[in-house]
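The values are calculated or read from the model by the stated rules, or taken from the named source; none is laboratory data. Keep in mind it's a predicted model, so treat the numbers as computed, not measured. When we count neighbours, we look across all protein chains shown, and the Cβ atoms used for this are built from the backbone with ideal geometry, even at glycine. Remember, those area values only see protein heavy atoms, side chains included, never the ligands or the DNA or RNA. Shrake-Rupley method; radii C 1.70, N 1.55, O 1.52, S 1.80 Å.
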Amino acid sequence: GDNRRLAEAPWWSANNLRQHLKDRIAVALADSTMTGLVQGLAIAYTDAVAQEQWEILRNTGTIHLLAISGLHITMVAGLGIVPVWLLWRLFPSLYLWLPVRIAAGLAGGVLATGYAVLAGFNIPTQRTLLMLLVVLAGLVWRRQVPFSSILSVALLLVVLLDPLACLTVGFWLSFLTVILLAFLGGRQRRLGKSAVVWMQLLLSLGTIPLVAGFFGMVSLSSPLANLLA
């Protein structure tokens, strides 16, 4: 038979809030063709994305933009870190109450965690949030955490939370992307002003084997499309 709701979710439920936001976006955008894309970027709800839009994302290699992950979570954390940093600069007396690194770290961590919950806490989101929280913890305690430790802790926690995660495409693509970015980031100074272009090109080329293996296709326009996106 059809699926049937057995009981209403409590008001504090994350899924209840996601449903509310989904409905509000649908009402606000009415019959817009962008409704599904906005819902996907806001709360990782992609059922309303049209088949034609999926085809465009797939053919251009930008389908990962709807998987709430590194860029999204980091930007939301920045919305907590930057205002706190500015506030402490404008009102130095706040340093007497709390060091700015602790205030900014807590603000960024809380916003990033909240957004990850709203996004359904999928594997790329888990990986990014765990890495970010380790970095913010190092900021709060004035410790420079090695990248290998950040990656190892995130990998361990993701597998502990979901042992079957290592069987999914998102697991391998997300961690491979982070490793490639770290490798390329160490050579950013040598690349100069063209670093962003080269990093995007090499990142696209580096993930080709996994993409071809999992999806049986490779987008030739992916490097340019992702650079513009």
> Within region 120-140, which residues are surrounded by fewer than 18 Cβ atoms within 10 Å (Cβ to Cβ) and touching a residue at least 60 places away in the same chain (Cβ under 8 Å)?
Replying inline: G120
> Can you name the condition, by its number, that G61 falls short on among (1) surrounded by 20 or more Cβ atoms within 10 Å (Cβ to Cβ); (2) closer than 29 Å to S13 by Cβ?
Replying inline: (2)
>> Quick check on region 72-100: of everything there that is over 30 Å from L164 (Cβ atoms) and either small (G, A, S) or touching a Lys or Arg at 6+ places or on another chain (Cβ under 7 Å) (or both), which residue is most open to solvent (accessible area, probe 1.4 Å)?
In response: S93
> Which members of region 1-15 meet the condition of being surrounded by 11 or more Cβ atoms within 10 Å (Cβ to Cβ), modelled with pLDDT of 80 or more and more than 17 Å from D47 (Cα to Cα)?
Replying inline: S13, A14
> When only residues in region 109-130 that are in contact with a Leu (Cβ under 7 Å, 6 or more places away or on another chain) and modelled with pLDDT under 85 count, which is farthest from V153 (Cα to Cα)?
Replying inline: Q126
> With (1) open to solvent by 40 Å² or more (accessible area, probe 1.4 Å); (2) more than 21 Å from P124 (Cβ to Cβ) as the list, and A48 as the residue in question, which single condition is left unmet?
Replying inline: (2)
> Pairs under 6 Å by beta carbon, first residue at pLDDT 75 or above in region 141-152, partner surrounded by fewer than 10 Cβ atoms within 10 Å (Cβ to Cβ) and not in a loop (DSSP other than H, G, I, E, B), six or more apart or different chains?
Replying inline: none
>> With in a helix (DSSP H, G or I) and modelled with pLDDT under 85 as the only criterion, which of L160, L155, L106 stands out?
In response: L155
> Restricting attention to region 141-163, which residues are closer than 27 Å to A42 by Cβ and open to solvent by 40 Å² or more (accessible area, probe 1.4 Å)?
Replying inline: L157, L161, D162
>> Could you list, ordered by first residue, the pairs with Cβ atoms under 8 Å in which the first is in region 17-38 and farther than 23 Å from V117 by Cα and the second is assigned to a helix (DSSP H, G or I), at least 6 apart or interchain?
In response: L29/T35; L29/V38; T33/Q53
> What residue, of A116, A103, is open to solvent by less than 40 Å² (accessible area, probe 1.4 Å) and in contact (Cβ under 8 Å) with a residue 24 or more places away in the chain?
Replying inline: A116
> Are any of the residues in region 51-67 at pLDDT 85 or above and within 26 Å of A154 (Cβ to Cβ)?
Replying inline: no
> Does S194 meet the test of being in a helix (DSSP H, G or I), modelled with pLDDT of 65 or more and farther than 23 Å from H72 by Cβ?
Replying inline: no
